[in-house]
Amino acid sequence: VQLQASGGGLVQAGDSLTLSCTCPKRTCSNNGLGWFRRAPGKEREFLAAVGWRGDFTIYADSVKGRFTISRDNAKNTVYLQMNSLKAEDTAVYYCAVARSSGSTSRLEGYQYWGQGTLVTVSS
C-alpha cells in the first residue's frame, strides 16, 4: 500500500506548514489516520490521529494547540496543519493508516506507513 506524503520543507521558527498524505480509497476510507514524526536520534513519536469520519481527533501534548489534523475522505487525504513551528519540530513526518476505524496513539495500532516528508525549522 502506497501512502504519498508531501508538504515538507525548510521554514523559519514561527512559520506554518501543512502536510498532506493521500492513500488508496480501499485502504483508508474506513480507517483511522495518524501522523508521527522521527527527529534525529529519537524514537518515532505520535503527533495526532483522526477517526474515519473525521469527527474525533487526539493529539500529543507536545503539539496540542499548535497542530491540527483533518481529513477529506472525498480526496482520500489526511492533513496536518502545523502552526508556530519550533526548531524542535524538525523531523521526518510520517502518515499512517490505522488498523481500526478509530483514532489511536499506539504505534502498533497502525498497519501502513508513508515514506516520510522532511520538515526543517530554522531558529
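The values are calculated or read from the model by the stated rules, or taken from the named source; none is laboratory data. Note that the coordinates shown come from a computational prediction; the quantities given were computed from them, not determined experimentally. Backbone-built Cβ (ideal geometry, glycine too); neighbour counts: all protein chains shown. Keep in mind that these areas ignore ligands, DNA and RNA; they rest on the heavy atoms of the full protein, side chains included. Shrake-Rupley method; radii C 1.70, N 1.55, O 1.52, S 1.80 Å.
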Next item on the list: Starting from the Cα of Lys42, draw a straight line to each of the lysines and keep only those under 27 Å, dropping any in the same chain fewer than 8 residues away.
Entry: Lys64, Lys86
Next item on the list: Would you kindly give the portion of the calculated P(r) for the chain that falls above 21 Å, as a percent of all Cα pairs?
Entry: 29 percent
Checklist line | For region 8-14, 3J(HN,Hα) per residue [Karplus equation, 6.51 cos²θ - 1.76 cosθ + 1.60, θ = phi - 60°, Hz, x = Gly/Pro] | finding: x, x, 9, 9, 9, 4, x
Checklist line | Among Ala96, Ala74, Ala13, residue whose mean-square fluctuation peaks in a GNM of the chain (springs only between Cα atoms under 10 Å) | finding: Ala74
Next item on the list: Springs between alpha-carbon atoms under 10 Å, Gaussian network over the chain: tell me which of Lys86, Lys75, Lys42 tops the mean-square fluctuations.
Entry: Lys42
Checklist line | Carbon/sulfur fraction of accessible area - the chain, other protein chains in place, 1.4 Å, % | finding: 46 percent
Next item on the list: Would you calculate, for the chain, the mean residue ellipticity at 222 nm contributed by helices, counting each DSSP H stretch of 4 or more residues as -39,500 (n - 2.57) and dividing by all residues, to the nearest 500?
Entry: -500 deg cm²/dmol
Item checked: Nearby lysines by direct alpha-carbon distance to Lys75 (threshold 25 angstrom, same-chain neighbours under 8 apart not counted) -> Lys25
Next item on the list: Among DSSP beta bridges lying fully in the chain, give the percent that are antiparallel, nearest 5.
Entry: 90 percent
Check: At a Förster radius of 25 Å, what calculated FRET efficiency corresponds to the Cβ-Cβ distance of Ser62 and Ser6, to the nearest 0.05?
Finding: 0.65
Note to self: Step by step: find N for region 43-95, compute 2.2 N^0.38 Å, then divide the Cα radius of gyration by it. What's the final number?
What the structure shows: 1.16
